[in-house]
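In what follows, a single structure is set out as structure tokens and then discussed.
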Amino acid sequence: WVSASADLHADAVRDLRAVCSATPGMPQLHKLVTPLSSVAASAPIPAPIGVVFSSYALLARPARLAQLLAWCQGGGRRGGRQSGARPFEGVVCLDECHRAKAATATGMGTAVLRMQAELPLGRLIYASATAATELQNMAYLVRLGLWGPGTGFASFGAFRSEMTAAGPAAQELLPLHLKATGRLVSRLISFEGVPITVATHALSAAQRAEYDAAARFWLDLAAELRARAPRLPASATSRFWSAHQRFFRLLVTAAKLPTLFGAVDAALGSGKSVVVGLLGTGEAY
């Protein structure tokens, strides 16, 4: 089980407990979870069976990846696969799999590619709310069967080139094809009977003054940027405006908190449970 950070270990245990409790006769997998970070890098993983949990950052370390692969292949850390051991046919769950989107450019992506190559019979699960936003980010999704032997594209490069040339129409057909062939599951909890209310936050005088002061500050910074542009790297302008967008996104979000806190307090006072969701996409910034 590979996820975005070590902090999600508790979530993985919770999810496994829920699955195992819902199905009679299921092994108690939530009691067999070993965090890879709890095992010394120089030692083999002690549990003969179970679930090994790792973050992508930890898996990006070559020694840790070798340690995990040795466990999957039934051998010691340096001993490789034991003689006569069966090939690994277990489940490899790539939670928050979009972390591997830069497949050949980062240690995380390279580790995910190697793990899939070393465990050809492993059952891969790609789990993400945003598995890929651009074609070039799909390189790690090698088990979807979109390119390679037996497909219409010899390599990921050929697939990307053809899909790019075909334009948005072909790209929109791609998820339909994956769903039709059983390789993509995308579900939502029903909102039937759930009332929707759009709350409007009225800015206070202090918040308006804060926003205006921030706008003037960024205008001054932009003037400095233009004055110094000849002496700055070519990427300085795009980096400046990216920072500008991030700043105001956070400022506007923070300004809405008083209204949010009021709604949360009212709901808690009525004996209700409250879930606060923050939605965003890194691609826009």
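Just a few scattered comments:
- Placing pseudo-labels 7 Å out from each Cα toward the beta carbon at ILE189 and ALA202 gives an inter-label distance of 3.3 nm.
- Cα-Cα P(r), region 77-219, percent of pairs per 10 Å interval: 9, 27, 23, 16, 16, 7, 2, 0
- Residue-level accessible surface for ARG160, protein heavy atoms, 1.4 Å, Å²: 90
- Its residues counted as N, region 142-285 yields a C-alpha radius of gyration over 2.2 N^0.38 Å of 1.63.
- Residues of region 85-115 with an amide N closer than 15 Å to a point placed 7 Å from the Cα of VAL19 along the Cα-to-Cβ direction: 89-97.
- Placing dummy labels 7 Å off each Cα toward the beta-carbon, the span from ALA222 to LEU173 is 4.3 nm.
- When the P(r) of the chain is calculated, the portion above 35 Å amounts to 41% of the C-alpha pairs.
- Taking 0.36 nm per residue of separation and subtracting the Cα-Cα distance, full extension of the segment from GLN136 to GLN245 would add 36.8 nm.
- Amide hydrogen neighbours beyond the local backbone of VAL52, cut-off 5 Å, H modeled: THR34
- Computed about the Cα centre, the dipole magnitude for the chain is approximately 680 debye when only Lys and Arg (+1) and Asp and Glu (-1) carry charge, each at its Cβ.
- Put simply, the amide H of PHE153, placed in the peptide plane, has neighbours under 5 Å in GLY148, leaving out anything fewer than 5 places away on its chain.
The values are calculated or read from the model by the stated rules, or taken from the named source; none is laboratory data. The structure presented is a predicted model; accordingly, all values stated were derived computationally and were not measured. We place every Cβ from the backbone using ideal geometry, glycine too, and count neighbours over all the protein chains shown. Protein only, heavy atoms only, side chains kept; ligands, DNA and RNA dropped before computing areas. Shrake-Rupley method; radii C 1.70, N 1.55, O 1.52, S 1.80 Å.
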